[in-house]
Each structure stands twice: as C-alpha cells, then as structure tokens.
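A short worksheet on the structure shown next.
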Amino acid sequence: MTTLSKIKKRNGAIVDFNEEKIVAAVGRAFFEVLNDMHAEDASAIGSLVGSAVKLRYSGTAQIPSVEEIQDLVEHALMERGYYDVAKAYIIYRYEHTKIREEEKEVIAKKIVERELLIVNKSGAREIFSLEKLRKTLAMSILPENASSIDVEGVLAQVQREVYDGIATAEIERTLIMVVRSMIERDPAYNQLAAQLTLNSLYREAFDNDAVSIAGADFDPLYRDSFVKNVKRGVELKLLDERILSFDLSKIAAALRPERDRLFKYIGVATLYDRYFISDRATNRKLETPQMLYMRVAMGIALNEKENREAWAYASTRCSRPCASFRQRPRCSMQACRVPSFLPVI
C-alpha cells in the first residue's frame, strides 16, 4: 500500500489519502457491470493506482487532486482489460459531476435570492452573506497585494462549495482552502491565506467570535488574552508556574501583534498544528505567533536574576520556538526541533 498521505479535494482542501476508498469505488463499478465486487481485482487496482501516484508525486511538493486520482483509476481499469467497467466508472463520474453542477446552480440561486441559510457558532440560523466574505477579504489583503488578488474569483469558488445549513466555521475553512489552492498563481494569495488563518486563530485564542483585526479593540484584546491564556496554561499545567512571577501586564504591553503578518501560510498552519498550547477540554488554542514568541522568551529569561522582563523583550527579537519547552513542566528536546519557516523577529 502506498505511503502517500494527502490529496487535494475539489474545493482545495487537503485531506488524507485513503487507498481503501479507491478499492471501494472500483468494487462498486465492478458490481454495477458484472454483479460481482471482484474484491481481488479491485484491491489490485487500488494498489496500482496508489503506486502510480507515489511514483509521480513522491519527493515533490505537489499534491495530487481527486480528479487526477480518478483518471488513474480509469486507466488502470482499461489496462487490465475491464473496458465495460471503465466505461461505467466514467459514466458514474460524469453523472456525479452533473449532479454537483445542478446542486451548485440551486445554491447560487438561493444565494442571489438571499435564501441560503447557514448555522452560526451559537447554533442559530442566519442568511448567508457574500458581502460579509467580501469585507473579510478586503480587510485581510495587504494594500500592496490588492491588485494581485481576484476577490470575485475567490468568492465565486466559495459559492460553489457552500451548502444549505453549512456552519460558519466550515465557511471559514472553505475560504482559507480556496485561497490556499490559488497560492501557485501569485505570492499574494500566500499572504492572504495566512491572514485568513490568523483571523480564525484570533477568534479562538481571544475566545471572542466578534474580534476583527480592523476593530479598535483588537490591540487591547490581544494583550489581555495573552495574560489570561498564560494563566490558563499554568492552571492546566501546560506551563511552569514560575512564569507567573513575571509582570504579565508589562510583558503584554511589549507584544507586537503586527509581526504576526511576517508569517506565510505554511508558517501559521504549522504553528497551529504542532506548537501552540491548547486547552484540551475545549481544544481551544491559547496562543498566537507573537504570544508564542513571547512565551519562549519568558522561558529563556526565567533564570535571570534581574530585569527579567527586559531580557524577555530582547529575546523576542531573535528567539525561535526551539526553546518553546523551556518553561513547560516537562521538557522534550525532540519537540524543540522546529523547521526554518519561522521568521526571525
């Protein structure tokens, strides 16, 4: 079985590659034509497709799409002489493509007529608004990148992925994945995908769904959340209690939230997946990039006798999260090995 781990869905989302899904789909095609699942043949074709994908993409930065995987299935069926089954599989793909297009037309009509309902974080239903997404994009695009971003193109793709009853959190993920899928078009999309991910992270770390980077309260919320989350980290025994000996309000005042924008998408996504501390009870992240940097700096300065806050400020200008576990109750040197995507600030 192939060791390929990811594929790209039609909406740009990156998901786990599952060879068993290929085997199941091929088995259904066999049953449709021959009234027999042909389990052995289906398994062999799944392995053949997996090997072909591994050969083509292993060792590269490219991720195969669902459509490319399905093309390989068709070729594998025909190579083994199952032309009727391949034909049935092709027809199946065509019919499902048609169904998806018809469903998208219905959704597009509902959006125009303001009839598409979504579910917000409180569980209440509200009307889906393209204008809200347009404002989110406008707020997240750096001025120098404005001419390089096709806002209407992004919104058109998002419209093709939403559905009646979709959760607002899923819309956020869809928007990020759509923009992420466009990174290869222009580096400006990399910055935009990073900022959209940060927007979502801020709502999580601040425990405030209404937070906006354009809001007047963003800066104080950022600093207040740092203090609260450090205390919460100690309470959860994720951080060494000695970290509370710092003047947290003074430390928070030295944070530079604007530096979060130094990160590209892969940097923010990797920190989110691997390095930010979380409240395990709620699965809520308790940090942003600059909060993480400052926490690392505080850990480095823990053993200083005097002016520890000043040492922490200095450390944020050169520290990387390789020291991120120094202020945790139990150190893991393996976890301190961090890739070089992190900007030195």
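The table below gives the values:
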read-out: Residue among 158, 179, 162 that alone is within 30 Å of residue 62 (Cα to Cα), within 24 Å of the chain's Cα centre (by Cα), aliphatic (A, V, I, L, M) and not in a helix (DSSP H, G or I); value: 162
read-out: Residue satisfying condition, being exposed (fewer than 12 other Cβ atoms within 10 Å of the Cβ), of a type in the set (Asp, Glu) and closer than 27 Å to residue 193 by Cβ, within set 105, 152, 95; value: 152
read-out: Segment 259-287 - residue that is of a type in the set (Ser, Thr, Tyr) and over 25 Å from residue 181 (Cβ atoms) and, of those, surrounded by the fewest Cβ atoms within 10 Å (Cβ to Cβ); value: 282
read-out: Residues located in segment 244-278, provided they are of a type in the set (Gly, Ala, Ser), closer than 18 Å to residue 226 by Cα and in a helix (DSSP H, G or I); value: 245, 249, 252, 253
read-out: In segment 279-293, residue farthest from residue 256 (Cα to Cα) [restricted to those that are outside any loop (DSSP other than H, G, I, E, B) and within 16 Å of the chain's Cα centre (by Cα)]; value: 284
read-out: Residue count for segment 101-138, restricted to those that are part of a helix (DSSP H, G or I) and out of contact with any helix residue (DSSP H, G or I) (no Cβ under 8 Å at 6 or more places or on another chain); value: 11
read-out: Which numbered condition residue 142 fails, given (1) surrounded by 14 or more Cβ atoms within 10 Å (Cβ to Cβ); (2) under 24 Å from residue 212 (Cβ atoms); value: (1)
read-out: Pair list, Cβ under 6 Å, 6 or more apart: segment 272-288 residue within 22 Å of residue 193 (Cα to Cα), other residue of a type in the set (Ser, Thr, Tyr); value: 285/278
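Just so you know, all these numbers are worked out from the coordinates, no wet-lab data involved. Being a predicted model, the structure only gives us computed values, none of them experimental. Using ideal geometry, Cβ is built from the backbone for each residue, glycine included, and neighbour counts are taken over all protein chains shown.
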